[in-house]
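Student: Would you mind keeping the following structure in view while I ask a few things?
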Amino acid sequence: MTASPSTTVYLHQSLLQLRNQPQSLLTNELWEELRELGLFEMPPRISPLKDAIQHVVSKTDKTCRLEVKYINAVKGKATQKKKRPWKQPEVQAVERHMNRFITACTVPAKSDCERCLRAEPEALKNRDWQNLKFYVYNRITAYKKKL
């Protein structure tokens, strides 16, 4: 049975789209079928444990082929930054410019935080706009609990 030209073109376009998909999005069965058709010349997926064992046994370094940017030992757990307590000059600088937001119980926008950073560059040199925003948000929460 021969497929019509339009069906062949559609099938070809669909296969090209599949070829551009990451292998992790397709099932092993689909990859196997596509390989049998001669569309992909990719090895079958293996588990990370088997992959690691293979590299240890063959004494090859994976980093010679891959650029590893970040490896986390616990999947799904982000590493946390060290908590830095606010120093008195930092607190005074933020309160000078952001006190109206705290008393109005309004979280400042990014532009407001950046304006504060520009006004107090020396006192807030180790802080970014998000640090200021979270500080004000936490102060608002504490202020509301007092009321």
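Student: What distance in nm separates the simple spin-label points at Ser47 and Leu147, each placed 7 Å from Cα in the Cβ direction?
Tutor: 5.6
Student: Tell me, in nm to one decimal, what length is gained between Glu122 and Glu32 on full extension, where the rule is 0.36 nm per residue of separation less the Cα-Cα distance?
Tutor: 26.3 nm
Student: Hey, what do the phi angles of the range 120-128 turn into as Karplus ³J(HN,Hα) couplings, whole Hz, using 6.51/-1.76/1.60 and θ = phi - 60°, x for Gly and Pro?
Tutor: These are the phi-based 3J(HN,Hα) values: 10, x, 6, 6, 10, 5, 9, 10, 10 Hz.
Student: So, R0 is 22 Å and r is the distance between the beta-carbons of Glu114 and Lys83; what FRET efficiency does that work out to, to 0.05?
Tutor: Efficiency computed from Cβ-Cβ geometry: 0.45.
Student: Further, regarding this structure: Rounded to whole Hz and in sequence order, give me ³J(HN,Hα) for the range 106-118 from the Karplus expression 6.51 cos²θ - 1.76 cosθ + 1.60, θ = phi - 60°, writing x for Gly and Pro.
Tutor: 10, 6, x, 7, 4, 4, 5, 5, 5, 5, 5, 5, 5
Quick note: the coordinates plus some simple rules give every number you see, no bench work behind them. Since the model is a prediction, treat every value here as computed from it, not as a measurement. Every residue, glycine as well, gets a Cβ built from its backbone with ideal geometry; the counts of neighbours run over all protein chains shown.
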